[in-house]
Amino acid sequence: MAYNVLVVDDESVIRARLKGYFEKEGYRVQQAQNGEQMWHEFNRQHIDLVILDINLQGSNGLNSGADGLSLTRELRSRSDVGIILVTGRDEAIDKIIGLEMGADDYVTKPFELRELLVRVKNLLWRISLVRQAEQKVIEQLEQKDDVIVFDGYALELNSRKLLHGDELIKLTKAEFELLAAFALHPQQVLSRERLMQQTSHRNQDVNDRTIDVILRRLRNKLNPDLFVTVHGEGYLFSAKVED
């Protein structure tokens, strides 16, 4: 089955160019010129990857005036769809912000269609690997008891929820997977490499810094003393857990 790509750009010439090229390469291609049309296409069918203009300007209606960065953040909050940002600016800050908002990759105008095709293929390949990794994580969690209790927190593995008393603490997928890895291996020093193996990801630039960033977010949401840095070795989850 062909992958379904959604091109979101307010320039009709660019949309037509990308549609023609990717359809010749065997992809299904949908088009949108603003945020409202993007959500219409996104909600009515399965989309595998979005090519989104970072300088997109919305029209009247839903998401009126929403630029590419805002739409990227909202897309990522709702879905794990692949996102490639297209920008006319070659400034590093735009790319960094785009990646922080949840984009997977970016390309700068003017770009070669062949380069964009390679980036699309690579991202879809990484997404397929992540889905395989996610399935392994799910299988591992299903073999464990459903709830792990520690330090006043209750981590529900099957429903992927973290409760602190009656409070529901929202976690991203990466944060949940890292916390689950710690909770399943308490009082053990886990290296960054081992923690990376316990979590799924698809960013091609993933390295041990990724674990540091996710851990920093967990420390901000939970008791930071639960996560002990063991210099030169990794991290230790200090809580005593009970199933």
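The values are calculated or read from the model by the stated rules, or taken from the named source; none is laboratory data. It should be emphasised that the depicted structure is a prediction, and the values quoted were computed from it without experimental measurement. All Cβ positions, glycine included, derive from the backbone under ideal geometry; neighbour counts span all protein chains shown. Note: accessible area is taken over every heavy atom of the protein model, side chains too, but ligands, DNA and RNA are not part of it. Shrake-Rupley method; radii C 1.70, N 1.55, O 1.52, S 1.80 Å.
Some values worked out for this structure:
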{"item": "Test for residue 155: is it among the aliphatic types (A, V, I, L, M), touching a strand residue (DSSP E or B) at 6+ places or on another chain (Cβ under 7 Å) and modelled with pLDDT of 85 or more", "result": "yes"}
{"item": "Hits in segment 94-124 (condition: more than 20 Å from residue 3 (Cβ to Cβ) and within 15 Å of the chain's Cα centre (by Cα))", "result": "96, 97, 98, 99, 100, 101"}
{"item": "In segment 68-78, residue nearest to residue 127 (Cα to Cα) [restricted to those that are touching a strand residue (DSSP E or B) at 6+ places or on another chain (Cβ under 9 Å) and open to solvent by 10 Å² or more (accessible area, probe 1.4 Å)]", "result": "76"}
{"item": "Enumeration of residues in segment 172-186 that are more than 15 Å from residue 227 (Cα to Cα) and either in contact with a helix residue (DSSP H, G or I) (Cβ under 7 Å, 6 or more places away or on another chain) or charged (D, E, K, R) (or both)", "result": "173, 174"}
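One line per residue, one yes/no per condition, for (1) under 16 Å from the mean Cα position of the chain (by Cα); (2) modelled with pLDDT under 85; (3) open to solvent by less than 20 Å² (accessible area, probe 1.4 Å):
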| position | (1), (2), (3) |
| --- | --- |
| 172 | yes, no, no |
| 183 | no, no, yes |
| 187 | no, no, no |
| 199 | yes, yes, yes |
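Matching residues to (1) in a loop (DSSP other than H, G, I, E, B); (2) at pLDDT below 90; (3) in contact with a Gly (Cβ under 7 Å, 6 or more places away or on another chain):
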position	(1), (2), (3)
76	no, yes, yes
95	no, yes, no
106	no, yes, yes
114	no, no, no
138	no, yes, no
141	no, yes, no
148	no, yes, no
162	no, no, no
